[in-house]
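Data first, discussion second: the structure below is written as structure tokens.
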Amino acid sequence: MCGRLDQNHTAVEYVAAMHWPHANPIFGSQAAPSFNAAPGTYRPLMRVVDDQLVIEDLFWGYRAAWAAGKVPIAINARLEKLGNRYWSPLLKAGRAIVPAAGWYEWTGEKGKKQPWHVHLKTREPLFMAAIAAFGPFREHAAESGFVIVTADAEGGMVDVHDRRPVVLSAQDAALWLDPALPSEQAGKQVGRAGNEGAHLAAQLELGLD
């Protein structure tokens, strides 16, 4: 997990939900809203550049150039492994937020899987911690892509999947994006239990495949 996103809002709506305190956000996203966004496509995500909030499209999936042929393209990164050699450069310079209305999980046997739509009880946009390789387009799109940060599932998600995206409040999302926040502190911040509090509790509903 997370292997499919519901990003049915516009970039303008996601930025408005962030309540960004600084003026003049930059809208560089051209991706159409999607109820069923898949890895391997270009999806909107947020980052901060020179104190400005930027929302732009990036390839969902990442593999370092030196890892080609050695490891598969990843779409998620485990929170507990962000400090290792593979992910730490992205944690230091590529913190981002993937805004969404929710995401999908599946349960059951192969061929008879049941889709579930996971979202906030309020139905407001949620903000997933992500890390990315920003920069010019490289030989393979995955070399300049993003992954969603995941943690152990708690509070009722275990029956659906043992891991879930790290979902942040708008305030904590802004902190995660702050370039002045050291990567070590950012990792601790995103792992705080308070970031998965009652105000972010997700409910499960039947989703559409």
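The values are calculated or read from the model by the stated rules, or taken from the named source; none is laboratory data. Computed from a prediction, not measured in an experiment: that's the story for all the values here. Because the Cβ atoms are built from the backbone with ideal geometry, glycine has one as well, and the counts that use them run over all protein chains shown. The accessibility values were calculated without ligands, DNA or RNA, using every heavy atom of the protein model including side chains. Shrake-Rupley method; radii C 1.70, N 1.55, O 1.52, S 1.80 Å.
Quick check: with the 1.4 Å probe, what order do Thr122, Thr41 take by accessible area, largest first?
Details: Thr122 85, Thr41 50 Å².
Sorted descending by solvent-accessible area, the residues read Thr122, Thr41.
So how do 108-120, 166-178 stack up, highest first, on mean other-Cβ count within 10 Å? Could the numbers behind the result be given before it?
Details: 108-120: 13.5, 166-178: 19.7.
Top of the packing list down: 166-178, 108-120.
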Query raised in the report: When the solvent-accessible surface of protein heavy atoms is calculated with a 1.4 angstrom probe, in what order do Asp6, Asp51 fall, highest first?
Result: Asp51, Asp6
Query raised in the report: Which one of Ala38, Ala174, Val71 has its Cα pushed farthest toward the positive end of the charge dipole of the chain, where Lys and Arg give +1 and Asp and Glu give -1 at the Cβ?
Result: Val71
Requested in this report: Using the 2.2 N^0.38 Å rule of thumb for compact globular proteins, work out how the chain stacks up: its C-alpha Rg over that value, please.
Outcome: 0.96
Requested in this report: Specify the residue with the greatest mean-square fluctuation among Gly69, Gly40, Gly102, computed from a Gaussian network of the chain linking alpha-carbon atoms under 10 Å apart.
Outcome: Gly69
Query raised in the report: If you build a Gaussian network model of the chain, linking Cα atoms that sit under 10 Å apart, which residue out of Gly28, Gly145, Gly61 swings the most?
Result: Gly28
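Around Trp103, with a cut-off of 11 angstrom between Cβ atoms, what is the net charge of the other residues, counting Lys and Arg +1 and Asp and Glu -1?
It works out to a net charge of 0.
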Report task. Would you please put 77-85, 90-98 in order of how densely packed they are, using the mean number of other Cβ atoms within 10 angstrom per residue and starting with the highest? Result -> 90-98, 77-85
Requested in this report: Once you have all Cα-Cα distances for segment 1-106, histogram them in 10 Å bins from zero and send the whole-percent values.
Outcome: 13, 41, 35, 10, 0
Query raised in the report: When the helix-only estimate is applied to the chain (DSSP H runs of n ≥ 4, each -39,500 (n - 2.57), divided by the residue count), what is the mean residue ellipticity at 222 nm, nearest 500 deg cm²/dmol?
Result: -3500 deg cm²/dmol
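What ranking of Tyr86, Tyr104 comes out by heavy-atom accessible area, probe 1.4 Å, highest first? Mind showing how you got there, number by number?
Values: Tyr86 40, Tyr104 10 Å².
The residues order as Tyr86, Tyr104, largest area first.
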Query - Long-range lysine pairs (8 or more apart or interchain), the chain, Cα under 30 Å - result: 14
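Is there a quick way to get the dipole size of segment 1-83? I mean about its Cα centre, with the Cβ of Lys and Arg at +1 and of Asp and Glu at -1; what is the value in debye to the nearest 20? Present the calculation step by step, with values, prior to reporting the outcome.
Values: 7 positive and 7 negative charges, 102 e Å.
With Lys and Arg at +1 and Asp and Glu at -1, about 500 debye.
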